[in-house]
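Input: a single structure, listed below in structure tokens.
FYI, it's all coordinate maths here, none of it is from the lab. Predicted, not measured: the structure shown is a model, and the values here were computed from it. Here the Cβ is made from the backbone with ideal geometry for all residues, glycine too, and neighbour counts use every protein chain on show.
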Amino acid sequence: MRLFVITILLFIFVAIQISLSPIISINDIMPNLILVFVFSVAFSYGQKYGLWFGFLSGFLCDIFDSAHFGLNMSLFLIIGFVVGSTKEKFYRDNLIVELSIFAITLFLYEIFYMLLLWQFSPGIYILNIFRYSIPRIIYTSVFAVFVFYLFRKTAVLAA
Amino acid sequence: MRNDPHKSAFRNVNLWIFLILLIFSFVSFSLKGSMKVYLVKNVSALILYPFGKVISVSRNIFSAQSKNLKLKKEIVNLRIEIQRCVNIKRENELLREYYGFKQLANFELFACEIIGKSPGLYNKTFIVDRGLHKGIRRNMTAVAANGLVGRVLESTNITSEVLTLYNRDSFVSAIDLRSRVQGIIGWRKGTHLILDNVALHSDVKEGDTLVTSGMGSVFPKGIFIARIISVEENPEKIVMDIQAEPFVDFSLLENVFIIKECEHSSVGTFSEKESKERVWVKMDMFSSFPRSRRPFPHYPPLNLKLGKYVHLRNEDTLRE
């Protein structure tokens, strides 16, 4: 049952990310809801779930960005696997801890995303980190709080 | 402490799956265009299409009234503009015929709604609600009311992916409307486009308008792209650093039009009946030509006020 619900949630999150981004974006800064989903699944259910749902989420994203097919797939896969591996190493009930790990994960995702996309060009990194990445991390964290609550408080999803 | 053997074996399985999937992902990323995922793309589009459609419809309902008023005003303005353009187009056709130029192709516009934007952070693509069933094909041009948006990258049966100007894979051959200097316009970073391949000391100024040059046969000629906002000449380089701002505001875009080349244009073309019955001529057009060089010497004497449009019957014209 849980697997089914998470699969449905995966499609809903991808659909919202793709369809609603023009509405919820502020100054072209849109939250990365799929990463919130992958992180929540991996953090709540561990390596196995993180691995598969990270891969599937990335796959669905890449289908709608065929110019860079494989980019999100590999990044979400790594995030799902690594975050899933840390499941038992952190005190999960503390929201601040979860949010902090999430912010670091998102920051690393942005860095590696740019690295894989543009290869080496330091000027662009620094510019984009200040201009886009940090506002995006803050904005996404707001959405993340709701999603984390959803995963904790819903009986079917509670780990 | 002794490790649980089942747990460590389980972990190893996960690690192996992880490595296999990671290799698959990296290989897919390196293959890029050669990797075709049409089937999966179609299935996913089928699943996500209703979500996107419902969201865009509900979004439109809320803003319908204000948009309606705005559009009504625009329609009036555009009708007047079309009337002018019809005449100019006809004149252009006549002149092209006279000079033996190739006639410009006619276009049909498909109105498409944007039902999704790519989840990628920087390289923008849009997903629109028209696909192969409506005749949308790869490399067709996408425009908005203000100018060029991009081109169709891929099409499924019901949706299409539009590669916008804000994408590192998007390059458009552009020409300066004033000085006719040509270059390649693209995007690398930030909010501005870059006009590349323009030799040093070329006649390019701030405020100049860039339009599509028609080279490369992907984008039709003459579509507005961007306005030049900064021009820098670096003597150490052989080309100029030119930045341009697109006419289209990509963050507010909700609809695009896909241009399809066709035999008969839906806008500004005379019907067969109209063509037989009348000819529209802007009288000042041929005034600079000697009568012998006029494309149609049987046109009436040019004694009318400049800029006035005159409606003539064919028979009258021929008689004259």
Would you list the membrane-span-like helices of chain A, meaning whole DSSP H runs whose alpha-carbon atoms span at least 15 Å along their axis and whose mean Kyte-Doolittle value is at least 1.6? A:2-19, A:33-45, A:71-85, A:95-118
Rank the residues A:S100, B:S56 as a footprinting-exposure proxy: fewest other Cβ atoms within 10 Å of their Cβ go first. A:S100, B:S56
Dimensionless Rg/Rh of chain A - Kirkwood Rh, Rg from C-alpha atoms: 0.95
Give the average, rounded to an integer, of partner chain Cβ atoms located within 10 angstrom of each Cβ in B:23-30. 6
With a ≥ b ≥ c the root eigenvalues of the C-alpha gyration tensor of the stretch B:57-164, is it rounded (a/c under 1.5), prolate (a/b larger than b/c) or oblate? oblate
Would you tell me the mean number of C-beta atoms belonging to other protein chains that fall within 10 Å of each C-beta in A:76-87, as a whole number? 2
Just list whichever of A:K87/B:K189; A:K153/B:K53; B:K53/B:K124; A:K89/B:K117 have alpha carbons separated by over 26 Å in the model shown. A:K87/B:K189; A:K153/B:K53; A:K89/B:K117
Treating only the Cβ atoms of Lys and Arg (+1) and Asp and Glu (-1) as charged, compute the dipole magnitude of the stretch B:57-164 about its Cα centre; round to the nearest 20 debye. 220
Anisotropy class of the stretch B:194-254 from Cα gyration tensor, a/c 1.5 cut: oblate
Environment charge of A:Y49, counting only residues whose C-beta is closer than 13 Å and scoring Lys/Arg +1, Asp/Glu -1: +3
Under 5 Å from the placed amide H of B:A226, counting only residues 5+ away or on other chains, we find B:L210, B:F247
For B:E113, what is the net charge nearby, where nearby means another residue's Cβ is under 15 Å from its Cβ and Lys, Arg count +1, Asp, Glu -1? +3
Any residue on another chain or 5+ positions along whose placed amide H is under 5 Å from the amide H of B:E108 is listed here as B:K260, B:E261, B:C262
Top positive-direction residue, dipole computed over the stretch B:109-240 with Cβ charges, set B:V162, B:G150, B:G135: B:G135
Taking the Cβ-Cβ separation of B:E91 and A:I138 as r and a Förster radius of 56 Å, what is the calculated FRET efficiency to the nearest 0.05? 0.50
Between A:F107 and B:L78, what FRET efficiency comes out of the Förster formula 1/(1 + (r/R0)^6) with R0 = 60 Å and r the beta carbon distance, rounded to 0.05? 0.80
Among B:69-77, B:213-221, B:139-147, the order from most to least packed when residues are scored by Cβ within 10 Å on average: B:139-147, B:213-221, B:69-77
Could you work out the local net charge near B:I175, counting Lys and Arg as +1, Asp and Glu as -1, over the other residues with Cβ closer than 11 Å to its Cβ? +1
